[in-house]
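Worksheet for the structure shown next.
The values are calculated or read from the model by the stated rules, or taken from the named source; none is laboratory data. Fair warning: this is a prediction, and the values are worked out from it, not measured in the lab. Cβ atoms come from the backbone with ideal geometry, glycine included; neighbour counts cover every protein chain shown. The area values use the complete protein model at the heavy-atom level, side chains included, leaving out ligands, DNA and RNA. Shrake-Rupley method; radii C 1.70, N 1.55, O 1.52, S 1.80 Å.
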Amino acid sequence: MTDATLILRHGSVVDVESGRSQLASVAVAGERIVAIGDDAQVAPLLTERTTILNVSGKTVVPGFIDSHVHLVSTGLALQGLDLRCARNVAEVLESVADRASAQPVGTLIRGWHLQENLLAENRFPNRDELDSAAAGHYVQLLRADGHSSAVNSFALEYLGFQPTMSGVETESGVPTGVLRGEPHYQSVIMIDKIERPEVRRNGMMKACAQAMQSGLTSIQCLEGGRFSSEDDVFAVLAAQHELPLHTLLWYQTTDVARVKELGLPRIGGCILIDGAPGSYTGALFEPYSDNPSTNGVLYFKDEDLEAFVLAVRREGLQLAMHATCQRAVEQVLRAYERALDSRPEGNLRWRIEHCYGMPTAEQFERMAERQIIFSTQPAFLHFRLDMYRRRFGERWRQVHPHRLALEHGVVIAGGSDSYVTPLDPLLGIHCAVNHPTESQRVPVAEALRWFTINAAFAAFEEKDKGSIAPGKLADLTVLGRNILTEPQETIKDIPVDLTIVAGNIRYRRKESHFGSGHLSNRKE
């Protein structure tokens, strides 16, 4: 019988399969769970070297898994300007000026989480304003959805975009500094090259620390592509064995041969079918309510998308693609159907990322038929409700139709899209349970599955992760209160007391208290 290295004693242990909890102790040996039961069942595993933590009154859940994280960008955002609380252009400029005064001239100032729709002026700062705030610095302020930005003249000169390029906003033929669509995506990659390598590495460690404070033990990292430099892919690959939690890499590329060369079993992530509604680039069936001149954009021609997806199917790779709104969901679904129907054997667990912009019941029915996973980010509801109401008018009530997807048998995996929203699975669960459209709310036990067993399933990891069972990795999160009985209005406020990754305690809340516990060893 294996000796236990750690025993969590007398916790309320949650079974995510049944959606119930029971009073029990969890015994861990090395990286794996070896037993779950009462004192009599775990006592034979006790030795003088076993650490015993009395978690009575606390709840033990499987370590949370985030199925959609941009790890390197999250780390960069944690070191940049956080503009989510700005309520007018002057406050944004003040933040930029303060940072400029603390950095050498010629260095990069990046702002994150800007929501121009929440500023009193309902616009981005322009290049002239940014020039005044940070003369001689490169400045880039990214919108909260990551699909548009504002830059200053120094950055524009470095980027070299022509005013006639689609997506470069101009007034009287002169660039304002606002970038959307393709020039924005190019700017992110080009400006990434100005970042110092140590900033990228330090940022990853900061992001992992934040993740573990939120109870996360695994994150699925979506790197490269239009959102970030290819250097991010290799930064994550190089650091995987040093990071304090589990990471799984999605390479956001359409280069199938390159992914095969690297030996990766999956491809994609945020390969953009469309953009995002906040930037008017999410592809809708009907025009935007507050901008009837557009119904968004599709970044692929049908034939190019279908050729790529068929190539992925031939190689037997798992695939994920970004489609925020209904017209993009339709385009990617058609491509998926053609490829999967051409070789129907096996379940590759292909995914559609986001899929929140009013997808239809018929689309979910087709997703379920081909076992396509809906990778959702419920916390968008917490941060974007004002934007949804402006962009969609009365249609906003159809956003994030979680229950509709469940009614059609679609498997849902939960994530944050960090840096876009924080690494905070409890907030994601909270938002799914408290959906502003009552008909789309889901039970807490269901939402908990999205960030545990379903997220593991969405990456072919359910044999090792996602539930508490003997033989599985000892990835465990201890909550200060029982998530299954907590009032639904306060789920987001439940404290994370302990995060255990592969049997190692990686985070312990300072205010939490654990008695050492007492167990008699029946072998004595």
Burial-style ranking of 143-153, 462-472, average other-beta-carbon count within 10 Å with highest first, yields 143-153, 462-472
List the residues, sorted by chain then number, that are 5 or more residues from residue 35 or on another chain and whose placed amide H is less than 5 Å from its amide H. 27
Evaluate E = 1/(1 + (r/R0)^6) for residue 293 and residue 88, where r is the Cβ-Cβ distance and R0 equals 30 Å; express this FRET efficiency to the nearest 0.05. 0.70
accessible surface per residue for the chain, probe 1.4 Å, DNA/RNA/ligands not counted, whole Å² -> 38 Å²
Among 367, 4, 288, flag the residue with its Cα farthest along the positive direction of the charge dipole of the chain, charges on Cβ as +1 for Lys/Arg and -1 for Asp/Glu. 4
Length gain on complete extension for the stretch residue 505 to residue 361, per 0.36 nm per residue less the alpha carbon to alpha carbon distance? 47.5 nm
How high is the relative contact order of the chain, in percent, with contacts defined as C-alpha pairs under 8 Å that are six or more residues apart? 19 percent
Rounding to the nearest 20 debye, state how big the charge dipole of the stretch 256-305 is about its Cα centre with +1 on each Lys and Arg Cβ and -1 on each Asp and Glu Cβ. 340 debye
Where does the chain land at 222 nm, in deg cm²/dmol rounded to the nearest 500, when only DSSP H runs of n ≥ 4 count, each adding -39500 (n - 2.57), divided by all residues? -9000 deg cm²/dmol
With label points built 7 Å along Cα→Cβ from the Cα atoms of residue 488 and residue 47, find their separation and express it in nm. 4.8 nm
Report, to two decimal places, the Cα Rg of the chain normalised by 2.2 N^0.38 Å (N = number of residues). 0.99
What does DSSP give for the chain in terms of the percent of beta bridges that are antiparallel, rounded to the nearest 5? 50 percent
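For 497, 131, give me the order by solvent-accessible area with a 1.4 Å probe, most accessible first, ignoring ligands, DNA and RNA.
Values: 497 0, 131 45 Å².
Output order, biggest surface exposure first: 131, 497.
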Can you give me the Cα centroid spacing of the stretch 252-284 and the stretch 12-52 in angstrom? 41 Å
So how far, in whole Å, is the C-alpha centre of the stretch 55-87 from the one of the stretch 318-349? 29 Å
Ranked packing of 502-513, 198-209, most packed first, by mean Cβ within 10 Å: 198-209, 502-513
Heavy atoms only, probe 1.4 Å: what % of the accessible area of the chain goes to carbon and sulfur, would you let me know? 47 percent
Convex hull volume per residue in cubic angstrom - Cα atoms of the stretch 298-356: 70 Å³
Among the lysines, which have Cα under 19 Å from the Cα of residue 206 when same-chain residues fewer than 8 positions away are ignored? 510
Assuming R0 = 22 Å, what is the FRET efficiency of residue 194 and residue 165, from their Cβ-Cβ distance, to the nearest 0.05? 0.60
If I ignore ligands, DNA and RNA and count only protein heavy atoms, how much of residue 3 is accessible to a 1.4 Å probe, in Å² to the nearest 10? 70 Å²
